[in-house]
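To start, the structure itself, in structure tokens.
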Amino acid sequence: MERGLLVDALRNNLLGPALAREKIPYPDYILGSLVPAGSENTDLTDLTDIDEIITVETDGRRSDSDEPPVHSSRFEGQIPSSIGISFNIQSSDPSFAACVSWGTYSRIEDSDNFERTPHCETLSADSVSNWESGRRSWYFGDVEVLARASSREEGKWRMSVFLVNRKQSSEARLQHRIFQPQIRIDLGRESKLLPIDSFSGSIPTDREEAVLSTLYRNRRGFARGHLVSTVWRDVDPARPAPGSQPSNESSWPDGAELLDQQNLSRFSVPDLRTEFIPAYSILSPNLNEWPGFCHEVPELGAERLSETWSPTELSANLMPLVEGYSAWEKAVRGSLDDSMVDWQRETIIQNLDMCREAADRIRSGIELLAEDEDARHAFLFANRAIWQANSWSDVVFSWRPFQLAFILMNLRGVSDRNHRDRELCDLLWFPTGGGKTEAYLGLAAFIMAYRRRFYGTDPETGLEIGAGVSVISRYTLRLLTIQQFRRASAMVTSCERLRCLQTDEGIGCRHPASGVYGDHPWGRTRFSIGLWVGSALTPNQLQSKEYPRPGMPPIKAVNAIRGDGVSGVLESSRARLSKDKGYPDQILNCPCCSAVLSLGPDVIPAGANTTLYITTEQEPDPQAIFDYMQGNNNYEIDSLPLTTPIGAHHITSLSITTRNPTPPDDLDAAITEAFQGTLLSFSCFRPSRPGYLPVGSRRDPTDFSIVCPNPSCELNNGVTWSEKIVNHSRELSVVDGRSSMRCPIPAFTVDEQIYRECPSIVIATVDKFAQLSKNQHAGTMFGDVSGYSGSYGFYRDASAIRRWPDQTSLDEFTSAAVDLQRTRLTPPDFILQDELHLIEGPLGTIVGLYEMAIKELCSTPDDLGPKYIASTATARSSESQILSLFGRESRVFPPAGAEIDDSFWSRHRDIDPDALANTSLESHPTEEDPSGRLYIGLCSPGKSMKTLTVRVWSEAIRHVRQRRQEGAPVEELDKLWTLVGYFNAIKELAGAKGLVEQDIPERMDGANIDLTELSSRVKSTELPGILEALEEVFGKEVVLTTSMFGTGV
């Protein structure tokens, strides 16, 4: 409803009319205005030559081209004097009826207002084949209707109808213009409407074009407009909506005012008509419901699957995925008939062969789970991890059928380094928001767990060979990388909690019937995730360092934590840090309970309530804290703080409401005063970073960990955490020690941490891999390690380490370390390239060059290298792109079928279970779907893009604000609250920013507009806060952005 009201508001403001005989201050409409053909501002200098104009050669096409005739582009910057519509019909004696309507405005006598006069005329075009020169004109006062007909094939005709303002005036003043012109065509029973490209007859030259033409063969265009858009009955927004009640109200004021009931019924929703504001709705496909085609329904619940150990039962739960898909494929194959064009039939058969191959791969994955206990262990573990991570957001997670099918299809490829599927790159092709992320997160959880079970521990060194980097996930944009890092962090944290979960069988989650007993079935090394990006987002080094200079002050390199007496980012005041300094605290809230881990760099807004769990070594005085905060004019505190002991430390819960906008540094200062101490009194780095804890010592830390400080968090209950790597026990934090009843958020955000820790998943931007050519430490991510130090971590070359722990010598360092030169960590098994369509042009060339090295680093002499999986929202030219980038053949999932609306895994909402899609299924613009999209076209010849932007944006903002004041439903209106301006270049964005800051407020009587920029000019440290604000109800009002917004936000 709210979306429809917004569209109506835009129509009334930009095009009009609200009423056929409306009276308004001034018809300030910027769409649908035609000036006299002879005026100086017209688009055409001599409309008597319209026949030549509409057959003019354009873009190298001949005048007898199969493309419809088009107007000259000479209207650029000028106002048009005509509109037209072209269409094709099949008839032995073509004829049609038309209705044209328009309005004129004149000043009301003795008034400053204007009154509209509606005009509506009907005509019949008979005996078209007998028209002289294939043309005919009708005149209605100063308006000409010109029709043109040409026969292309026997019984097939191309028709064009134009409406021209013929008023005798050289001026384009208001009284000489006509407004809201429309052409409506009714063909009658003797003429059949043909697709606009029906005279082409060309056969696609490549398979991709053939597939697209075949899939869309029942969804074709049937008209083309000239200086206006066109709609036909199947896509006309004026047609009755599904399930709607008949209404006497008409969306066509002129027809309702002037036509009799018979003609009004005939032309209200005609076969064809012009439209200045075309609207086309695309509903999200039905991805959740089971399509049918078999008697059984697969088990999609992740929790239920995680509890199914029996191979027979697990196969029975999963096999309907194959049976239903195979039955659907056979049904589609059987529905093909001989009347279909040969090349289209052959294309569909090739598509279905791909579907059959995909079904065989899914079946093979199910068989692997039945025959391989390690794979079954890992599959159950992955389901449990995904279910648990979603349960923290109060979501009872069930797989969408395509997600589970895609995981099963790739089980052998990711788990067997010599399986033939390693020579394929599987491309997951679904629209943004369809659930691609969940699919490959499930696959990532599987391979992380499988490696721990399959590879075991090296008996000589104690190295867990399956630990290390299992998955590399790459993105092109900072914003998308941060988003996906946070989503993946929740899954990895869930895996780590399962690793140290207390169960009846021992520490570590496993199925009771699996026969696995004892502690740590998933290894002693933590599951972890690393964010590998540029230094503008996170620091490259852990410890700060001071570089002496003779006779000059030393250079102080500020990194994540303190070193050489130089404070690190985590303990420093944000105001003292340089603006280009990256922040290691990229995870702001606990993925489990949402407790604050860090407030980030943004100012805390007035009225915001914040609960902080602050850890101290000494027990604080709750009454003193309460009294101090109560006496501070900027803060409100409702109750006495609660203190919970944790070992030798104490956690104090402090709920604070800020009265004014407050920088986090100011809150730090207030809390420090309230606790009657200094920053070193806190066990966390700062009160505003309560989840970031030092490792080693508080004053001179060697590392940091992220631990949820909320005592009631699920991560801090029912677990026993410890970590041992090559027989070295690891410390979690200065609070937790080497064994803890708390499970950390196992995320690493500093480059040096990633090289030392070799996290299970590395999330990176593609450009970061340029480090491989100049930073030898990055080699550890690919399993190339020569030793492990309990005080440092994994390393390749000890002599290249910038600073040895505890200032030891090289010999002392290496003698205390474990030599791993005769063994190694298993290289990554799974490389994910998200948003593949962005890897093109110069970026694609560079990525392709580095990919040769990456593929080699992920390989051993005895295997086929890593399994590549890519995801994209558009699969155009993907086959050649994947071959160029990865040197792999590709398979798209889901493979296409016979119709664009039905690939089995993705189906139009109107297709019933067990049924095939045999016709075009068009959605109605009034059907509002939370995940769907409504496209609206706006074109205003003679007006600048800036003018159109100001008019559209100001009306959209005004309308939504007004609806909020009127009490419209929040859940509906919030979806329309944020207006996003998407630009291809910073220059265009800067121009729009000026409009939002000056022109639009002026049009809105000086209203203030909440403007946010989301582009490469925004500091990386500000991105997390902007993302959080976008998720709020009625958050950001206007966002100006570039391509970084179009990939998953």
Taking the range 538-558 and the residues there that are at pLDDT 85 or above and aliphatic (A, V, I, L, M), the one that is nearest to S740 (Cα to Cα) would be L542
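So that you can scan it fast, the table gives a plain yes or no per residue for (1) at pLDDT below 90; (2) in contact with a strand residue (DSSP E or B) (Cβ under 9 Å, 6 or more places away or on another chain); (3) in a loop (DSSP other than H, G, I, E, B):
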site: R951; (1), (2), (3): no, no, no
site: E955; (1), (2), (3): no, no, no
site: S1016; (1), (2), (3): yes, no, yes
site: T1021; (1), (2), (3): yes, no, no
Of R273, R220, the only residue that is under 29 Å from the mean Cα position of the chain (by Cα), not in a helix (DSSP H, G or I) and not small (G, A, S) is R220
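Taking N984 as the residue in question, decide whether it is in contact with a Ser or Thr (Cβ under 8 Å, 6 or more places away or on another chain), of a type outside the set (A, V, I, L, M) and in a loop (DSSP other than H, G, I, E, B).
Values: in contact with a Ser or Thr (Cβ under 8 Å, 6 or more places away or on another chain): yes; of a type outside the set (A, V, I, L, M): yes; in a loop (DSSP other than H, G, I, E, B): yes.
For N984, the condition - in contact with a Ser or Thr (Cβ under 8 Å, 6 or more places away or on another chain), of a type outside the set (A, V, I, L, M) and in a loop (DSSP other than H, G, I, E, B) - is met.
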Matching residues in the range 819-873 (surrounded by fewer than 19 Cβ atoms within 10 Å (Cβ to Cβ) and in a strand (DSSP E or B)) number 1
Per the filter on the range 927-949, residues modelled with pLDDT of 90 or more and not in a strand (DSSP E or B) are G937, L938, K946, T947, L948, T949
Selection from the range 261-290 of residues of a type outside the set (K, R), at pLDDT 90 or above and touching a Lys or Arg at 6+ places or on another chain (Cβ under 7 Å) yields F267, V269, P270, D271, I277
*Does R961 count as under 27 Å from the mean Cα position of the chain (by Cα), surrounded by fewer than 17 Cβ atoms within 10 Å (Cβ to Cβ), within 30 Å of P539 (Cβ to Cβ) and of a type in the set (D, E, K, R)?*
no
Condition set part of a loop (DSSP other than H, G, I, E, B) and free of Cβ contacts under 8 Å to residues at least 60 places away in the same chain, scope the range 957-981, selection farthest from E1031 (Cα to Cα): answer is E966
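Restricting attention to the range 181-200, and to residues there that are out of contact with any Lys or Arg (no Cβ under 9 Å at 6 or more places or on another chain) and in contact (Cβ under 8 Å) with a residue 40 or more places away in the chain, which single residue is nearest to T274 (Cα to Cα)? I'd like the intermediate steps shown before the answer.
Restricting attention to the range 181-200, the residues satisfying the condition of being out of contact with any Lys or Arg (no Cβ under 9 Å at 6 or more places or on another chain) are 181, 187-192, 200.
Narrowing further to those that are in contact (Cβ under 8 Å) with a residue 40 or more places away in the chain: 181, 187-188, 190-192, 200.
Details: P181: 9, L187: 15, G188: 18, E190: 22, S191: 19, K192: 19, S200: 24 Å.
In this case the residue turns out to be P181.
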Every listed condition ((1) assigned to a strand (DSSP E or B); (2) over 30 Å from D751 (Cβ atoms)) holds for I614 save (2)
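Considering L599, L640, which residue is at pLDDT 90 or above, touching a helix residue (DSSP H, G or I) at 6+ places or on another chain (Cβ under 6 Å), exposed (fewer than 14 other Cβ atoms within 10 Å of the Cβ) and not in a strand (DSSP E or B)? Working first, answer last.
Numbers: L599 fails: exposed (fewer than 14 other Cβ atoms within 10 Å of the Cβ).
Result: L640 is the single residue among L599, L640 that is at pLDDT 90 or above, touching a helix residue (DSSP H, G or I) at 6+ places or on another chain (Cβ under 6 Å), exposed (fewer than 14 other Cβ atoms within 10 Å of the Cβ) and not in a strand (DSSP E or B).
Every residue, every condition in (1) in a loop (DSSP other than H, G, I, E, B); (2) among the small types (G, A, S); (3) free of Cβ contacts under 8 Å to residues at least 40 places away in the same chain; (4) loosely packed, with under 12 Cβ neighbours inside 10 Å, yes or no:
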site	(1), (2), (3), (4)
D519	yes, no, yes, no
R524	yes, no, no, no
G530	no, yes, no, no
Q541	yes, no, no, no
K556	no, no, yes, no
E571	yes, no, no, no
S578	yes, yes, yes, yes
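Condition check ((1) crowded, with 21+ Cβ neighbours inside 10 Å; (2) out of contact with any Ser or Thr (no Cβ under 7 Å at 6 or more places or on another chain)) across all residues:
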| site | (1), (2) |
| --- | --- |
| R876 | no, yes |
| Q881 | yes, yes |
| G897 | yes, no |
| R909 | no, yes |
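Listed here are the residues, each with its yes/no results for (1) at pLDDT 95 or above; (2) over 20 Å from D585 (Cβ atoms); (3) among the hydrophobic types (A, V, I, L, M, F, W, C); (4) not in a loop (DSSP other than H, G, I, E, B).
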| residue | (1), (2), (3), (4) |
| --- | --- |
| Q676 | no, yes, no, no |
| L680 | no, no, yes, yes |
| P690 | yes, no, no, no |
| R698 | no, no, no, no |
| S705 | yes, no, no, yes |
| N710 | yes, no, no, no |
Being more than 25 Å from M340 (Cα to Cα) and either out of contact with any Phe, Trp or Tyr (no Cβ under 6 Å at 6 or more places or on another chain) or of a type in the set (K, R) (or both) narrows G865, G897 down to just G865
Of the listed residues (G468, G462, G433), the one being surrounded by fewer than 20 Cβ atoms within 10 Å (Cβ to Cβ), within 30 Å of S535 (Cα to Cα) and of a type in the set (G, A, S) is G433
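Got a number for residues in the range 292-316 being in contact with a helix residue (DSSP H, G or I) (Cβ under 7 Å, 6 or more places away or on another chain), of a type outside the set (V, I, T) and without any contact (Cβ under 8 Å) to a residue 40 or more places away in the chain? Before you say what the answer is, go through the steps one by one.
From the range 292-316, those in contact with a helix residue (DSSP H, G or I) (Cβ under 7 Å, 6 or more places away or on another chain) are 292-294, 296-300, 302-303, 305-306, 308-309, 311, 314-315; that's our starting set.
Narrowing the set further to residues that are of a type outside the set (V, I, T) leaves 292-294, 296, 298-300, 302-303, 305-306, 309, 311, 314-315.
From the residues that got through so far, the ones that are without any contact (Cβ under 8 Å) to a residue 40 or more places away in the chain too are 294, 296, 299.
Summing the residues that are in contact with a helix residue (DSSP H, G or I) (Cβ under 7 Å, 6 or more places away or on another chain), of a type outside the set (V, I, T) and without any contact (Cβ under 8 Å) to a residue 40 or more places away in the chain in the range 292-316 gives 3.
The values are calculated or read from the model by the stated rules, or taken from the named source; none is laboratory data. Because the structure is predicted, anything quoted here is derived from the model rather than measured. Note: ideal-geometry Cβ built from the backbone for every residue, glycine included; neighbour counts use all protein chains shown.
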